[in-house]
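Asker: Starting off with a structure, shown below.
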Amino acid sequence: DLARAGHVELCIYDAAGRLVKTLVNGSLAPGWNIGIPWTGLDEVGARVPSGVYFYRLVTADLTATKKMVLMK
């Protein structure tokens with residue numbers, strides 16, 4: 001949940017640290033807690049291979065990076 005309204009950025013990176021997809025880059029309302037689906041596509045709409053990826057969430061109060069696995 002977002003504690004207060006503000007700018008949110010949620011991006012997916014590959015294991016080499018390259019940006020794969022930006023899922024959110026804008027202002028969101030407080031209390032926002034909806035899931036953001038990633039369909040396994042990159043910025044140009046191409047399917048990315050199975051493997052380890054990282055998502056990075058940046059808000060005014062938090063920067064968090066977590067690992068995830070994409071399996072097809």
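The values are calculated or read from the model by the stated rules, or taken from the named source; none is laboratory data. All of these numbers come straight from a predicted model, not from anything done at the bench. Here the Cβ is made from the backbone with ideal geometry for all residues, glycine too, and neighbour counts use every protein chain on show. Accessible surface is based on the protein model in full, side chains and every heavy atom, while ligands, DNA and RNA are left aside. Shrake-Rupley method; radii C 1.70, N 1.55, O 1.52, S 1.80 Å.
Yes/no per residue for (1) surrounded by 12 or more Cβ atoms within 10 Å (Cβ to Cβ); (2) in contact with a strand residue (DSSP E or B) (Cβ under 9 Å, 6 or more places away or on another chain); (3) among the aromatic types (Phe, Trp, Tyr); (4) outside any loop (DSSP other than H, G, I, E, B):
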position	(1), (2), (3), (4)
2	yes, yes, no, no
35	no, no, no, no
39	no, yes, no, no
55	yes, yes, yes, yes
72	no, yes, no, no
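Asker: May I ask you to list the residues in segment 7-22 that are surrounded by 15 or more Cβ atoms within 10 Å (Cβ to Cβ) and either under 16 Å from residue 62 (Cβ atoms) or among the hydrophobic types (A, V, I, L, M, F, W, C) (or both)? Working first, answer last.
Answerer: Of all residues in segment 7-22, those surrounded by 15 or more Cβ atoms within 10 Å (Cβ to Cβ) come to 8, 10-14, 20-21.
Residues satisfying the conditions are 8, 10, 11, 12, 20.
Asker: Would you please name the residue that is most open to solvent (accessible area, probe 1.4 Å), looking only at residues in segment 42-53 that are more than 12 Å from the chain's Cα centre (by Cα) and not charged (D, E, K, R)?
Answerer: 44
Asker: While we're looking at this one, here's another question. Can you tell me which residue among 26, 31, 45 is within 17 Å of residue 6 (Cα to Cα) and not in a strand (DSSP E or B)?
Answerer: 31
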